[in-house]
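Asks: Structure provided below as structure tokens; questions to follow.
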2 protein chains.
Amino acid sequence: MKVKEVADLVGISVRTLHHYDEIGLLIPENTTDSGYRVYSEQNLETLQQILFFKELGFPLKKIKEIIYSPSFNRLDALESQYKMLLERRNRLDKMIKTIEKTIKHSRGEIEMTNKEKFEGFNFSRNPYEKEARERWGNAAVNESNARLAKLSESEKKELAEEFSAIYKKLAELRHLPADTEEAQAAIGEWYVLLNRMGSYSLEAFKNVGQMYVNDERFTKNIDRFGQGLARFMCDAMAVYADNNK
Amino acid sequence: MKVKEVADLVGISVRTLHHYDEIGLLIPENTTDSGYRVYSEQNLETLQQILFFKELGFPLKKIKEIIYSPSFNRLDALESQYKMLLERRNRLDKMIKTIEKTIKHSRGEIEMTNKEKFEGFNFSRNPYEKEARERWGNAAVNESNARLAKLSESEKKELAEEFSAIYKKLAELRHLPADTEEAQAAIGEWYVLLNRMGSYSLEAFKNVGQMYVNDERFTKNIDRFGQGLARFMCDAMAVYADNNK
DNA sequence: ATACAGTATTACGTAACGTGAGAGTCAATA
DNA sequence: TATTGACTCTCACGTTACGTAATACTGTAT
């Protein structure tokens, strides 16, 4: 299928398809000798998934990260998207209730507080950011765990020692501000080590840092090396990610 | 109410409020001596209306036109917005049905055509553009009619003669292409005359031209001066609007 | 006086295309 | 074969609606 056929079938513009190709979000499986894009069945399925995310307010960059993450599972994603779409409908239902009331209010039939007038209103950029982070923010972590499971005992031991060494180093530095050169050098090593295990984008790295303080299991585990280490690492990882964008 | 209070109540950013003030979409009723914006109850009601339109995908520029048109009626608008929100929910319902089916398809439980995979998908920029044009595209026409009703008989007669004169002139030119200098000069006079009656933005002018061919009553009335005059005027008005943007 | 939260303006940057231009491709038709 | 009209490509500027950051002022509680 070429661009017009896809665009008409799907309800988007040709320009959108071009754009998605440019940014690597949806790359046609083939091109003709003349350079025409040819989309496959698989491309259409990916496009459907992209558009569900788009409907939910996800930025394209984030959609790309999610879909092309090694641990992406289509059925899992569909099920999560389904839940989020139901939530979206609930929110719309609330807005509809609000406008019904507003019409009555406008006719002088009922009274309404200011709060009621905006019930169901949510114009944040990506209302599902939190859910998404919880659902897909762990992708790199999951990948790491998968790789870890495949290592031999001696390899695991060696890796554990590397982990310990960096934890200890970071523990010694934890009283410094998170944005110092020393702290950042050490956290850079942490970034490299993590990326030997999984594919951590800078954003994912930052999210993982957040997980260290939000998830008690991580906090507990990390703070064994020094009280407050999890907090320190979280901060340093955020600075690292922001400084290296 | 100041910006933070409004932003928190409504679920938008302070920056959005600034922006709306800048573009003249929502101008706070008062400002403090220090220059702080102070929003009134009336401002909140307008904001609510703005946000319903925003939810429906209307561009801010269009929202501004609608809301500040002299013939804008709040209750009428709420009722139309209500209908459009219901339509939006229907569309979302369709998308939810589609994802339900897609999940089953993914599990191998059912088959699905490509068309079915995109049932309910509509990513056009403003899905309600047509409804809006029909509903509010007539604003200037309504205003004209209101003014006309207030004229004395002699004023009406004089105006009718002016109208006839221009119709006749245009009828003579109707065999020319719509974009010729002569045609455009005459249609310019038509624009001026209409704007003595109501507030026709260029876009509204273009919409009205479209109405001449879409609405049989107009077509019939205008074509009395010459077969095909409505079509010709519609085309010329579109060219005029586009060339004078 | 200080600190902190809130507020203003200015202004550049971002995301996601829309739009237009100019040129090539393809298939039907004369 | 030439023509026509629909389709396609790339390039690139423009648009929309803010997000973000900087700098400075304001207001209130301690």
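Values quoted throughout were computed directly from the atomic coordinates according to the rules given, and no laboratory measurement underlies them. A quick note: this is a predicted structure, and the numbers were derived from the prediction, not measured. Counting neighbours? That spans all protein chains shown, and the Cβs are built from the backbone with ideal geometry, glycine included.
Asks: Let's test the formula: R0 of 25 Å, r as the Cβ-Cβ distance of B:H105 and A:N30. What FRET efficiency results, to the nearest 0.05?
Replies: Values: r = 24 Å, r/R0 = 0.96.
For B:H105 and A:N30, the calculated efficiency is 0.55.
Asks: Only four residue types carry charge here, +1 at the Cβ of Lys and Arg and -1 at the Cβ of Asp and Glu. Report the dipole size of the stretch B:151-243 about the Cα centre in Debye, rounded to the nearest 20.
Replies: About 280 debye.
Asks: In addition: For B:E116, what is the net charge nearby, where nearby means another residue's Cβ is under 13 Å from its Cβ and Lys, Arg count +1, Asp, Glu -1?
Replies: +2
Asks: Connecting C-alpha atoms closer than 10 Å in a GNM of chain B, tell me which of B:G120, B:G24, B:G35 has the biggest fluctuation.
Replies: Most flexible of the set in this elastic network: B:G35.
Asks: Compute a Gaussian network model of chain A, connecting alpha carbons closer than 10 Å, and tell me which residue from A:M197, A:M233, A:M112 fluctuates the most.
Replies: Among A:M197, A:M233, A:M112, the largest GNM mean-square fluctuation belongs to A:M112.
Asks: Using alpha-carbon positions, what is the distance between the centroids of the stretch A:155-200 and the stretch B:191-214, in Å?
Replies: Between the Cα centres of the stretch A:155-200 and the stretch B:191-214 lies a distance of 68 Å.
Asks: Say the dipole of chain B comes from +1 at the beta carbon of Lys and Arg and -1 at that of Asp and Glu; which of B:F123, B:L26, B:C234 then lies farthest toward its positive end?
Replies: Of the listed residues, the answer is B:F123.
Asks: Would you mind checking the pairs A:K4/B:K169; A:K101/B:K101; A:K61/A:K83; A:K64/B:K117; A:K61/A:K117 and listing those with alpha carbons more than 32 angstrom apart? Before the final figure, lay out the partial values.
Replies: Values: A:K4/B:K169 43 Å; A:K101/B:K101 34 Å; A:K61/A:K83 22 Å; A:K64/B:K117 20 Å; A:K61/A:K117 34 Å.
Checking Cα-Cα distances, A:K4/B:K169; A:K101/B:K101; A:K61/A:K117 exceed 32 Å.
Asks: How long are the semi-axes of the equivalent ellipsoid of chain B, taking √(5λ) for every eigenvalue λ of the Cα gyration tensor, in whole Å from largest down?
Replies: Working: eigenvalues 323, 180, 47 Å².
The equivalent ellipsoid of chain B has semi-axes of 40, 30, 15 Å.
Asks: To one decimal in nm, how far is B:E79 from the same spot in the other copies, if labels go 7 Å from Cα toward Cβ? Please give the shortest first.
Replies: Label-point separations across copies, in nm and ascending: 4.7.
Asks: Can you check what the net charge comes to around B:T180, using other residues whose Cβ is under 12 Å from the Cβ of B:T180 (Lys, Arg +1; Asp, Glu -1)? The partial results should precede the final answer.
Replies: Values: positive: B:R174; negative: B:D179, B:E181, B:E182, B:D235.
Surrounding charge for B:T180 is -3.
Asks: Name the residue, out of B:Y82, B:Y36, B:Y128, whose mean-square fluctuation peaks in a Gaussian network model built on chain B with Cα pairs under 10 Å.
Replies: B:Y36
Asks: Arrange the peptides A:99-107, A:1-9 so that the one whose residues have, on average, the most other Cβ atoms within 10 Å appears first. Walk me through the numbers on the way to the answer.
Replies: Details: A:99-107: 17.2, A:1-9: 15.3.
My ranking of the peptides, most packed first, is A:99-107, A:1-9.
Asks: Residue-wise, which Karplus ³J(HN,Hα) couplings in Hz belong to the stretch B:38-45, taking 6.51 cos²θ - 1.76 cosθ + 1.60, θ = phi - 60°, and x for glycine or proline?
Replies: These are the phi-based 3J(HN,Hα) values: 10, 9, 9, 4, 4, 4, 5, 5 Hz.
Asks: Using Cα positions and a limit of under 21 Å, work out the lysines in reach of A:K168, with same-chain residues fewer than 8 apart set aside.
Replies: Correct list for A:K168: A:K156, A:K157, A:K206, A:K220.
Asks: Sorted from fewest to most neighbouring beta carbons within 10 Å, what does the list A:E41, A:E153 look like? Please report the intermediate quantities before stating the final value.
Replies: Numbers: A:E41 11, A:E153 7.
Taking fewest neighbouring Cβ atoms as first place, the list is A:E153, A:E41.
Asks: Let me know the mean shielding of B:100-109 by other chains, meaning the per-residue number of their Cβ atoms within 10 Å of its Cβ. Show your work: numbers first, answer last.
Replies: Details: counts 3, 0, 9, 6, 1, 2, 7, 2, 0, 0.
Across the residues of B:100-109, the mean count of other-chain Cβ atoms within 10 Å is 3.
Asks: Could you check the spin-label model distance between A:N90 and A:N122? Points 7 Å from the Cα along Cα→Cβ, value in nm.
Replies: Each label point lies 7 Å from its Cα, and together they span 0.8 nm.
Asks: Can I ask one more? To one decimal in nm, how far is B:S13 from the same spot in the other copies, if labels go 7 Å from Cα toward Cβ? Please give the shortest first.
Replies: Relative to the other copies, B:S13 has label-point distances of 2.3 nm.
Asks: Something else now. Residues with amide H under 5 Å of A:D223's amide H, sequence separation 5 or more or different chain, H placed in the peptide plane at 1.01 Å from N; which?
Replies: Here A:A230 satisfy the definition.
Asks: Suppose you put the label 7 Å out from Cα in the Cβ direction; list, shortest first and in nm with one decimal, how far B:Y68 is from each other copy's label.
Replies: Nearest first, the other copies' label points are 4.4 nm away.
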